[in-house]
Amino acid sequence: MGLINLKKQEKKQKKWFRRIIVTVILLITVVLFGAGSYFFHVGMVPGHKSFVKGNQRIEKSDPLYSQKIWFKHAQKQKWTMTSATKNYKLVADYIPASQSTTKNVVILHGFMGTKEQMGEYATLFHQLGYNVLMPDARAHGQSQGKYIGYGWPERYDVRKWTEKLIKHNGKDSQVVIFGVSMGGATSMMTSGISMPKQVKAYVEDCGYTSLNDELNYEAGNLYNIPTPIRWPLIKMLSLINRTKNGFFTGEASAVESLHHNHRPMLFIHGSNDHFVPTKMVYSNYQATRGPKQLWVVPGAGHASSFAHSPHAYRQHLERFLGRYVK
C-alpha cells in the first residue's frame with residue numbers, strides 16, 4: 001500500500017509540475033504578446049514618436065540655411081501614384097532641373113519624416129543639375145498607408161516611382177536613388193531587386209543593416225531592455241508584423257539585399273551616430289557587389305553628415321556620381 005500511495009503521490013506531483021510549467025509558458029506568452037503589441041505600435045504605427053525630432057524652424061545659424069530657404073520657395077509639381085502593394089495613394093514633389101538634362105534623382109526620407117524635411121538634399125542635387133523627385137513614403141506625410149515598412153515594401157514603391165520618372169523624362173534618363181536613415185536602408189533594399197537599366201547609382205546615408213538589427217539596438221539604447229529578453233520580444237513583434245504588415249521583420253535586410261546589387265553605391269555615415277550605430281555601415285559596405293566608396297564623416301551624428309560638413313558632402317557626391325552619371 002505504501003508503494004502504491006507513493007506512486008500516486010509522484011503522479012500528482014508530476015501533474016502539478018506540468019500544470020505549473022504550462023501556466024508559466026502561457027504567462028510568458030501573454031506578457032510577450034502584450035509587449036510585442038506595444039512595440040509594434042511604437043515602431044510600425046505612424047504617429048508622434050518621442051525619440052524623433054519634429055519639424056523645426058529654419059534658423060539663420062543653420063549651416064544649411066540657404067539650401068532650406070531655396071527649397072521652401074522652389075516651385076514644385078505634385079505627382080501621385082498608387083503603391084506597388086495595398087493600393088495606397090502616394091504623393092511626391094517633383095522639381096525639374098534649371099536646364100534640360102538626363103540626370104535624375106529619387107530622394108528618400110527617414111523614419112516619420114516627410115519629403116519637405118529633405119529640402120536641403122533636393123537643393124544640393126538641383127545645384128548639381130538634377131531633376132529631383134521626392135516621394136512621401138507610405139504612411140508618411142501626404143501618402144496613405146497604415147503601417148511603416150522600414151524600406152521593405154517601400155522598395156517596390158521606389159521602383160514604381162523610378163519607372164514613372166523615366167516615363168516622364170525619357171528612356172535616356174539616368175537615375176540615382178538617394179536616401180537618408182530609413183531612406184538609406186530603403187535605397188539599399190531597393191538595390192537588391194530588379195530595377196530599370198536607367199538606374200546608374202545608389203547613395204545611402206546612415207542606413208541600418210537590417211530591421212532586426214536596428215530593433216535589437218534600439219531596444220537596448222532607448223528602453224534598456226536586457227539582451228536575453230530582446231530576441232523573444234522581437235520574434236513576437238515580428239509575428240504581429242507579419243499578420244498586420246505583411247512581412248516578418250527578419251526579412252527586411254539591407255545586407256542581404258546588397259548581396260544582389262552590382263551597381264555603384266556610395267556609403268555615408270557619421271562617426272558619432274548613436275541612433276544607427278556607425279559599425280553598421282561597415283557590414284553594409286562589405287555586402288555590396290558593385291563599385292563602392294565609403295565615407296565616414298568624423299564627428300557627425302545621425303543624419304547630420306551634410307550639416308556637419310556641407311562642402312565635403314557635396315564634393316563626395318559630385319566626385320562619386322560623376323563617374324557613373326554623365
Residue that is surrounded by the fewest Cβ atoms within 10 Å (Cβ to Cβ) [pool: residues in the range 308-326 that are within 23 Å of the chain's Cα centre (by Cα), within 22 Å of ASN131 (Cα to Cα) and not charged (D, E, K, R)]: PRO310
Residues of the range 128-145 satisfying the condition of being free of Cβ contacts under 8 Å to residues at least 40 places away in the same chain and either of a type outside the set (Val, Ile, Thr) or part of a helix (DSSP H, G or I) (or both): GLY129, ASN131
Residues being part of a loop (DSSP other than H, G, I, E, B) and without any contact (Cβ under 8 Å) to a residue 24 or more places away in the chain - total across the range 234-289: 2
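So that you can scan it fast, the table gives a plain yes or no per residue for (1) among the aliphatic types (A, V, I, L, M); (2) at positive phi; (3) surrounded by 15 or more Cβ atoms within 10 Å (Cβ to Cβ):
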site: SER210; (1), (2), (3): no, no, yes
site: ILE225; (1), (2), (3): yes, no, yes
site: LEU233; (1), (2), (3): yes, no, yes
site: GLY246; (1), (2), (3): no, yes, no
site: MET265; (1), (2), (3): yes, no, yes
site: PHE275; (1), (2), (3): no, no, yes
site: VAL281; (1), (2), (3): yes, no, yes
Pairs with Cβ under 7 Å, 6+ apart, first in the range 55-76 and on the phi > 0 side of the Ramachandran plot and surrounded by fewer than 16 Cβ atoms within 10 Å (Cβ to Cβ), second at pLDDT below 95 and not charged (D, E, K, R): none
The lone exception for LEU237 - which of (1) crowded, with 21+ Cβ neighbours inside 10 Å; (2) more than 15 Å from PHE40 (Cα to Cα); (3) outside the structural domain of GLY290 (by TED's automatic domain parsing) it fails: (2)
The lone exception for VAL276 - which of (1) in contact with a Phe, Trp or Tyr (Cβ under 8 Å, 6 or more places away or on another chain); (2) of a type in the set (A, V, I, L, M, F, W, C); (3) not assigned by TED's automatic domain parsing to the domain that holds ILE148 it fails: (3)
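The values are calculated or read from the model by the stated rules, or taken from the named source; none is laboratory data. Worth saying up front: this structure is predicted, and the values here are computed from it rather than measured. Neighbour counts run over all protein chains shown; Cβ positions are idealised from the backbone, glycine included.
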